[in-house]
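The values are calculated or read from the model by the stated rules, or taken from the named source; none is laboratory data. This is a predicted model, so every value here is computed, not measured. Positions of Cβ are generated from backbone atoms using ideal geometry, with glycine treated the same way; all protein chains shown enter the neighbour counts. Remember, those area values only see protein heavy atoms, side chains included, never the ligands or the DNA or RNA. Shrake-Rupley method; radii C 1.70, N 1.55, O 1.52, S 1.80 Å.
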Amino acid sequence: MGADRLGWRRKFGVIAPSTNTIVQPEFDMMRVPGVTSHYGRIFIPDGRIATDEGMENLLVQIRANMDACVESLMTMQPDYMVMGMSAETFWDGVEGNRQFVQQIQGLTGGLGVATGAEGCERALNLFGAKKIAVLTPYTPIGDANVRKFFTELGFEVGQIKGLCVNSAVEIAHVTEKTLRESLIEINDSDVDAIVQCGTNLCMTELADEAERWLDKPVIAINAATWWMALRDNGIEDRLHGFGTLLREH
């Protein structure tokens with residue numbers, strides 16, 4: 001059987017919420033020859049996330065519509081799955097992430113899965129980080145799950161700045177100025193690395209710049225997820241403009 005004309009190295013099936021407008025263009029910016037991304041959308045009819053109840057309701061919708069999204073993606077016969085949303089991959093800590101990956105593998109016949117949570121974990125271990133600070137678009141319940149995940153892995157978690165964005169769509173409207181000021185705010189002197197969660201925050205190129213003026217790793221979730229997906233598949237291409245991780249590792 002012949003190889004896909006464009007995805008002759010790998011075809012990635014990407015799971016993304018219907019409300020997300022940033023993860024697809026950012027992944028597209030990081031494309032490498034012979035690797036193609038194909039998007040399945042999780043239907044999110046109610047994207048209000050300004051409250052903890054809203055955040056929890058978002059997760060309910062994701063879980064209700066996940067299977068249909070994955071089943072539709074499987075019709076193009078992907079080689080590997082990429083999670084284009086991060087809240088679900090942090091929820092309920094390390095065990096929650098493990099169960100999520102198992103769910104996807106059960107639906108795909110055992111395909112590998114890149115998640116933002118695991119991509120960040122691998123990156124932090126690679127950089128030798130012990131204490132981290134985190135920037136998210138979430139409300140306190142989302143931030144608590146992020147703290148739980150990283151703490152269970154053994155990282156010390158300093159400040160978490162949750163932006164409490166009103167809706168899932170509006171995460172993509174957060175300005176570069178807000179992101180820049182937030183990075184500076186959480187950058188305590190004893191923090192080894194900064195992690196950004198939320199795949200609909202436009203952060204990948206800014207994180208690359210921020211590493212230069214903060215002089216430490218700034219891990220954008222979309223860059224970490226894409227890096228994990230490429231390296232898991234033996235694709236070692238180096239990419240410039242998206243942070244140290246893709247440029248040097």
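See the values below:
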item: Those residues of the range 177-218 which are open to solvent by less than 50 Å² (accessible area, probe 1.4 Å) and part of a loop (DSSP other than H, G, I, E, B), in sequence order; result: Asn187, Val191, Cys197, Gly198, Thr199, Asn200, Leu201, Met203, Lys216, Pro217
item: Check on Trp227, open to solvent by 10 Å² or more (accessible area, probe 1.4 Å), more than 17 Å from Ile49 (Cβ to Cβ), part of a helix (DSSP H, G or I) and touching a residue at least 60 places away in the same chain (Cβ under 8 Å); result: yes
item: Matching residues in the range 179-202 - criterion: being without any contact (Cβ under 8 Å) to a residue 60 or more places away in the chain and touching a strand residue (DSSP E or B) at 6+ places or on another chain (Cβ under 8 Å); result: Leu179, Ser182, Leu183, Glu185, Ile186, Asn187, Asp188, Asp190
item: Within the range 148-176, tally of residues that are open to solvent by less than 80 Å² (accessible area, probe 1.4 Å), closer than 24 Å to Pro25 by Cβ, part of a helix (DSSP H, G or I) and in contact with a helix residue (DSSP H, G or I) (Cβ under 9 Å, 6 or more places away or on another chain); result: 0
item: Residue that is in contact with a helix residue (DSSP H, G or I) (Cβ under 7 Å, 6 or more places away or on another chain) and either of a type in the set (D, E, K, R) or modelled with pLDDT under 90 (or both), where the choices are Gly116, Gly13, Gly47; result: Gly47
item: Criterion violated by Ile141 - all others in (1) in a helix (DSSP H, G or I); (2) farther than 17 Å from Thr199 by Cβ; (3) at pLDDT 95 or above satisfied; result: (3)
item: Helices (runs of 4 or more DSSP H) lying entirely in the range 24-123 (those with 3 or more residues that are in contact (Cβ under 8 Å) with a residue 24 or more places away in the chain and surrounded by fewer than 21 Cβ atoms within 10 Å (Cβ to Cβ)); result: 52-74, 93-108
